[in-house]
1. Going by alpha carbons, how many degrees (0 to 90, nearest 10) lie between the helix axis of 160-172 and the longest principal axis of the chain?
2. Suppose each label sits 7 Å from its Cα in the direction of the beta carbon; what would the residue 106-residue 145 distance come out to in nanometres?
3. How many angstrom separate the Cα center of the stretch 1-60 from the Cα center of the stretch 129-192?
4. How high is the FRET efficiency from residue 175 to residue 220, r the C-beta distance, R0 25 Å, rounded to 0.05?
5. Please name which of 146, 206, 169 has its Cα lying farthest along the dipole of the chain towards the positive end, using unit charges on Cβ (Lys, Arg +1; Asp, Glu -1) and the Cα centre as origin.
6. Read through the labelled values (i) 32, 24, 17; (ii) 35, 18, 17; (iii) 31, 18, 18 and report the label of the one computed as semi-axes √(5λ) of the Cα gyration tensor in Å from the structure.
7. Could you check the simple spin-label distance between residue 13 and residue 73, using points 7 Å along Cα→Cβ, in nm with one decimal?
8. Ordered by packing density, taken as the mean number of other Cβ atoms within 10 Å over each peptide's residues, highest first, how do 73-84, 51-62 rank?
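Just so it is clear, none of the values below were taken in a lab; they were calculated from the coordinates. The structure displayed is predicted, hence computed values, not measured ones. When we count neighbours, we look across all protein chains shown, and the Cβ atoms used for this are built from the backbone with ideal geometry, even at glycine.
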Amino acid sequence: MSSASVLFQLKSQSFRYGEHQVLDDITLTICQGEKVALLGPSGAGKSTLLTLLYQQQPQVCALQPQGGGLVELLSVYQNIFIGGLDRIGTLAALWNLIRPLPRQRRAIKEIAQHLGLDEKLWHSVDRLSGGQRQRVSMGRALFRQQPVFLGDEPVSSVDPVQAQALLAHMLEQHETAVVSLHNRHLALEHFDRLIVLRDGRICCDCPANTMSSEQLDGYYQQEKSPDEDTSRPTVPEADGWVIRTS
């Protein structure tokens with residue numbers, strides 16, 4: 001890959017919350033066109049890593065945070081519309097709160113139909129289920145109309161069949177994607193690269209087609225022994241893996 005195609009780059013990056021080391025010596029490059037799944041146990045640093053990536057290129061990213069970031073008393077339509085505020089302008093945006101703009105209304109209605117939200121378009125999001133709220137957040141990311149999608153557990157609250165379809169749709173609509181997941185099967189099926197975090201460090205960075213579900217499960221099952229060197233995670237070895245420990 002040429003240097004011109006590099007979208008995100010971290011070099012020996014660390015991050016702390018108070019006394020807690022969240023990320024430790026992360027070196028990482030993500031290029032245009034890649035579909036990358038971030039994996040690892042809860043607390044491994046996936047959400048923080050996504051935040052650091054977003055801060056590097058906010059102008060080209062559509063971010064779907066884990067909490068959704070929705071405005072509770074606004075409608076589904078208005079919450080999705082928020083994704084387009086940067087390109088629509090202040091006066092048009094204020095008018096849209098009173099009377100939806102025809103062009104934006106058509107675009108958002110189409111997005112809502114793809115997400116199964118067309119019958120909820122004028123409901124306030126505080127009346128929605130967890131899965132519906134998550135789809136509203138996806139809709140807002142789609143309405144951003146950016147080439148890069150950064151998603152933090154974007155389909156964790158929907159059923160497995162729906163999760164497959166929604167994730168595939170999000171990846172089709174974005175040239176590049178970096179998505180945090182707990183569902184390892186979705187990661188193996190829909191992404192071309194896997195990055196596994198453990199204890200704030202990258203313990204594996206490899207093409208998805210070189211990893212099996214059983215091998216991936218091993219990263220979640222490991223327990224540290226009392227005398228284990230905790231400065232570096234221990235991972236199972238397998239032919240064809242590209243393993244980076246930092």
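1. Between the helix axis and the principal axis of the chain, the angle is about 80 degrees.
2. The two pseudo-label positions are separated by 1.2 nm.
3. 18 Å
4. Working: r = 30 Å, r/R0 = 1.20.
Calculated transfer efficiency: 0.25.
5. Ranked along the dipole, the leading option is 146.
6. The listed entry that was calculated here is (ii).
7. Taking the simple label geometry, residue 13 and residue 73 are separated by 3.7 nm.
8. Sorting 73-84, 51-62 by mean packing, highest first, produces 73-84, 51-62.
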